[in-house]
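Working notes, beginning with the structure itself.
The values are calculated or read from the model by the stated rules, or taken from the named source; none is laboratory data. In this text the structure is predicted, and so the values were computed from the model without any measurement. Here the Cβ positions follow ideal geometry from the backbone for every residue, glycine too, while neighbour counts run over all protein chains shown.
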Amino acid sequence: MSALIQAQYQQWPYPSVPLWGRVSGLEVFQLHLQHLRARVGLPAAAEARIWIAGCGTMQPYLLGKANPKAEILATDISTSSLDRARWRCRLNGVARVDFQQVDLEEEELPTGPFEWIECYGVLMNLRDPALALRRLADRLAPDGILRLMVYPWFSRRRVFQLQRVARLLGLIPPRAEDPKKLRAIVRALPKDHPLRYAFDSYFDAQNDAGIVDAFLHAGDRGFTALHLAELAEQAGLEVGYWFHRPWARPEVIGRVLRLSDWSAPQLLHYADLWQELRGNLVPILVKKGAGRTATEEMIHPALRRSSSLQVALGRLFGLELGNRLGEGRLFLSGAELRALDRGEYFNHTTTRVNRMREAGVLLGGSEDVWSLPPPPPLSPADREPTEDLELGEQAANPFYSHLLAPLRYGQRHPELGTLTMEVAAWEPLAEPLEEEGAWGLTPIGTGRVHGAAMDRWREAENPKVTRLDQLRYVEEDLPALRRFLSPFDIPKKLSLLEERELWLLIGSWKSLFLTASSA
Ligand SMILES: C[S@@+](CC[C@H](N)C(=O)[O-])C[C@H]1O[C@@H](n2cnc3c(N)ncnc32)[C@H](O)[C@@H]1O
């Protein structure tokens, strides 16, 4: 797999951001090592050796900017990504970064120990993520942190479905013109088609490198939160912190849904089922027994007595802090910044101070390392849920299987109640993704429109038919698909079975239930 993936990132280094795109140290203040250590209850590290494994074109600059005193090693399998990252650092004055071409699947890896290993958006590209994680853990300092990002299994279904369409059409591995071709095919779909919505609302779909990284990828995959926690456990690691927008923080979900005896991975698994992660799975892992406790109090090093012009102006006019997850969005007044310079604040327990702790302006001290029960043993159905077609007389359309998955989960957890109750439990905090008139984007929207039918389906014993050729087609279906594809120069002759699968992905989106001939 490495060769195909290497070729992909060699041709389309990711992310595609102009070299002159600059950030200030404060925009990335949550990438400061001490901030991340405080998140998991570890004391400030005296040494700071950071390894960015699979760094892409941007991260060396961002981490270098946030950690000006650290020694950073940035590695990637793609030399064109490394070249861009090196140029970006040079042009923008980030000096303490070494670059090296490293294939994470090869024998030779950099020797540790590292206080921080960052492996963001890479594990899902590797043949054996469990082995890769163990090898990263071996290079971690005893009290080091390992931050990961992987794709969620359920919330990313539409992207994986688009990948499947592209694969069936022979656009994977991609040639130079294929990102544009895929864009043209998607734009020919009706405006309210779920795959078009998924493409148009995808942040990275604006440039070719983003389209390849998401929809024409040579081999990536999703993980359930439960599976990820299992992989961590096998590598002798535990999750110290999950980075998620405030609503999808596991302890908040547990409180709101009154599921206090659930573990953090279970709660995130559940949020993913409901399409409520609204992001990827991003945990900080630490070695088991790393001695996490409440730690010394400090004010974020980028703020206290900082001589940067931005903070100096902030002392007069105030300063807004924020990150992509919206977690740290916080306005600090001039008076507050001046008080931070004096080292004040730790002895208060007001909401304001708690907010500063949450955002990471105040580190360590009384910050609680939250704890939830450990995860239960993992069942194979939760590790990699099957995507059975489950056809039959009025059986569920597999195109919507990820939206029906929470209902199946509900069947295994009777304590969660009926569909109506489940929807009601999620609704108050969830802003539905649906736009007016569209449906089928989240289980909440689908449940609102089709709740009664879904409840009936859940209660019925549907016969399972798992073969595509048992789908009952209306005679015009396949000719309509061929007409739809005819303007595009499809590089591959499609078999009947491939056409049927494509019809399912492209043409069956208006029906929540399909019919099939019984075998
Ligand atoms: C989705 S990009 C993420 C880049 C960067 N971490 C970020 O978050 O912007 C995946 C990166 O992993 C790298 N990669 C993929 N397989 C790899 C492997 N076997 N060894 C090292 N790097 C790899 C790719 O070249 C690419 O730069």
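Within segment 74-83, if we keep just the residues that are of a type outside the set (S, T, Y) and in a helix (DSSP H, G or I), the residue that is nearest to the ligand (Cβ to nearest atom) turns out to be L82. Within segment 126-145, the set of residues being among the small types (G, A, S) and within 13 Å of the ligand (Cβ to nearest atom) comprises A132 only. From the list P60, P110, the one residue that fits, being in the same structural domain as Q10 (by TED's automatic domain parsing), within 12 Å of the ligand (Cβ to nearest atom), over 24 Å from L19 (Cβ atoms) and touching a residue at least 12 places away in the same chain (Cβ under 8 Å), is P110. When restricted to residues that are of a type in the set (S, T, Y) and exposed (fewer than 14 other Cβ atoms within 10 Å of the Cβ), segment 160-209 contains 1. Summed over segment 473-493, the residues that are closer than 16 Å to I185 by Cα and modelled with pLDDT of 90 or more give a count of 9. Restricting the first member to segment 364-390 and to residues that are over 20 Å from L267 (Cα atoms), and the second to residues that are among the acidic types (D, E) and at pLDDT 75 or above, the beta-carbon pairs closer than 8 Å and six or more apart or on different chains are G364/E296; G364/E297; G365/E296; G365/E297; S366/E297.
Inspect all residues belonging to segment 35-50 and state whether any of them is surrounded by 19 or more Cβ atoms within 10 Å (Cβ to Cβ), within 16 Å of the ligand (Cβ to nearest atom) and farther than 18 Å from G322 by Cα. Checked against the condition, which is being surrounded by 19 or more Cβ atoms within 10 Å (Cβ to Cβ), within 16 Å of the ligand (Cβ to nearest atom) and farther than 18 Å from G322 by Cα, segment 35-50 yields at least one hit.
Counting only residues that are within 14 Å of the ligand (Cβ to nearest atom), more than 15 Å from M58 (Cα to Cα) and buried (at least 23 other Cβ atoms within 10 Å of the Cβ), how many does segment 113-125 have? Number satisfying all stated conditions: 4.
Conditions (1) touching a Gly at 6+ places or on another chain (Cβ under 9 Å); (2) part of a strand (DSSP E or B); (3) within 10 Å of the ligand (Cβ to nearest atom); (4) not basic (K, R), marked per residue:
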| residue | (1), (2), (3), (4) |
| --- | --- |
| L26 | yes, no, no, yes |
| Q30 | yes, no, no, yes |
| A85 | yes, no, yes, yes |
| R90 | no, no, no, no |
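Just so you know, in segment 74-83 the residues that are touching a Gly at 6+ places or on another chain (Cβ under 9 Å) and polar (S, T, N, Q) include one that is surrounded by the most Cβ atoms within 10 Å (Cβ to Cβ), and it is S81. The set of residues in segment 485-519 that are part of a helix (DSSP H, G or I) and loosely packed, with under 13 Cβ neighbours inside 10 Å comprises L496, L497.
Among the candidates Q10, Q100, Q6, which residue alone is surrounded by fewer than 18 Cβ atoms within 10 Å (Cβ to Cβ), within 10 Å of the ligand (Cβ to nearest atom) and touching a residue at least 12 places away in the same chain (Cβ under 8 Å)?
Step by step, each of Q10, Q100, Q6 is checked, and only Q10 is surrounded by fewer than 18 Cβ atoms within 10 Å (Cβ to Cβ), within 10 Å of the ligand (Cβ to nearest atom) and touching a residue at least 12 places away in the same chain (Cβ under 8 Å).
The set of residues in segment 52-73 being in a loop (DSSP other than H, G, I, E, B) and either surrounded by fewer than 21 Cβ atoms within 10 Å (Cβ to Cβ) or out of contact with any Lys or Arg (no Cβ under 6 Å at 6 or more places or on another chain) (or both) consists of G54, C55, G56, M58, N67, P68, K69, A70. Going residue by residue through segment 73-82, is there one that turns out to be in contact with a helix residue (DSSP H, G or I) (Cβ under 9 Å, 6 or more places away or on another chain), of a type in the set (D, E) and in the same structural domain as R39 (by TED's automatic domain parsing)? Taking every residue of segment 73-82 in turn, at least one turns out to be in contact with a helix residue (DSSP H, G or I) (Cβ under 9 Å, 6 or more places away or on another chain), of a type in the set (D, E) and in the same structural domain as R39 (by TED's automatic domain parsing). Checked against the criterion of being in contact with an Asp or Glu (Cβ under 6 Å, 6 or more places away or on another chain) and modelled with pLDDT of 85 or more, the candidates F399, F317, F346, F331 yield just one match: F331. The set of residues in segment 257-308 that are outside any loop (DSSP other than H, G, I, E, B) and either closer than 23 Å to L441 by Cα or of a type in the set (S, T, Y) (or both) comprises Q266, L267, L268, H269, Y270, A271, D272, L273, L281.
Within segment 32-51, the set of residues being in a loop (DSSP other than H, G, I, E, B) and at pLDDT 90 or above comprises H32, A48.
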